[in-house]
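The values are calculated or read from the model by the stated rules, or taken from the named source; none is laboratory data. Predicted model only: the values in this text are computed from it and were never measured. Positions of Cβ are backbone-derived with ideal geometry, glycine not excepted, and every protein chain shown enters the neighbour counts.
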Amino acid sequence: MNRISSTLLAAATLLAVFATATAPTDVRAQTTQNRGQRTTFAITLTVERQEVVAGPYARYAQKYLGVAAPLADKVLHRVKSAELLDSGDAPQSKETLFPAYATEEYAVYTHMNPARGFPRLTVDKTSAATTSLEESARLAAEKIFTIRRSRFDLITGEVGENVFGGGLYSALAEMNRLEEEYLSLFLGRVTVGSERREYGVTPVRGRLSYTVCRFSETDGLLPPDDLSGVPVVLELQAAAGDPPGDAAPNAPARPGPRAVAQLVPADMTGRLILEGAELASGQFRILQMGETVYVNP
């Protein structure tokens, strides 16, 4: 009888040890899925930069050409495109306000060659009189209208009866070049390019708003701590019916002896905002905002 009791006691002891070893005591230590992983947002902003250099005869553009021209040098920036992706590069859905653009080189697109600068009028060597700025503008305007009349006559055949084929195209190209040079004296120079920058933001539990960078129309993209620009903000919001901290649906209230702890990411909406305007948005599963729960086999 004592031998049987000893055997039963030993068996009970082994069962108790086994139960203690298999019962999870620390939820996070027992997590077997997504352990140590965090969701990071990859944010890409492309900003267009436009630099305007006023022409020396800008104030006379309306008087002699009938067009308005910029009167002062200025630099303007605008957000051209924005992308908001998660670290897996595959959110459930993504919407962007602007299409994506590749980085472009800065280049002049109108009214002058920057390497040559503004053109100069041909000096009249038969006159020693000093020409005023307004008179120079008037002469430049006359040159423009002369070129336009000559081009029209050449196209219509009024002049240049022996100019045809490749010679005609060369003549017209040279006229266009000269007209653009004289127009630059009034309309100035415009240089356009774009800059593409990438940012990374790793959310922390309990915080739903992050200043990614700042933006200024005159200076473009700025560091987050430069108060001269307005903030570009990443805002997170819990998806409907799934606030951060909620357990997974149908998760057991108490784990069984063989339960496995798993991390359930939080479904959240991410929005990239500049001065109340939404640049990009999407639905994301954020690991560090989720909950670790027991799952019974």
Exercise. Does GLY167 qualify as being touching a residue at least 12 places away in the same chain (Cβ under 8 Å) and either under 30 Å from ALA82 (Cβ atoms) or not in a loop (DSSP other than H, G, I, E, B) (or both)?
Worked result: no
Seminar exercise, completed: With the first residue restricted to the range 53-75 and required to be under 13 Å from ALA140 (Cα atoms), and the second required to be of a type in the set (Asp, Glu), Cβ contacts under 8 Å at 6 or more apart or on different chains are TYR60/GLU134
Seminar exercise, completed: Flagged in the range 185-232 as in a loop (DSSP other than H, G, I, E, B) and either surrounded by 17 or more Cβ atoms within 10 Å (Cβ to Cβ) or among the aromatic types (Phe, Trp, Tyr) (or both), in numbering order, are GLY188, PRO203, GLY229
Seminar exercise, completed: Of the residues in the range 233-252, those that are modelled with pLDDT under 90 and not in a loop (DSSP other than H, G, I, E, B) come to ALA238, ALA239, ASP242
Problem set entry | Conditions (1) touching a Pro at 6+ places or on another chain (Cβ under 8 Å); (2) more than 15 Å from ALA280 (Cα to Cα); (3) modelled with pLDDT of 50 or more; number of the one not met by LEU85 | (2)
Seminar exercise, completed: Taking the range 33-74 and keeping only residues that are more than 30 Å from TYR182 (Cα to Cα) and under 19 Å from the mean Cα position of the chain (by Cα), one is left with THR40, PHE41, ALA42, ILE43, THR44, LEU45, THR46, VAL47
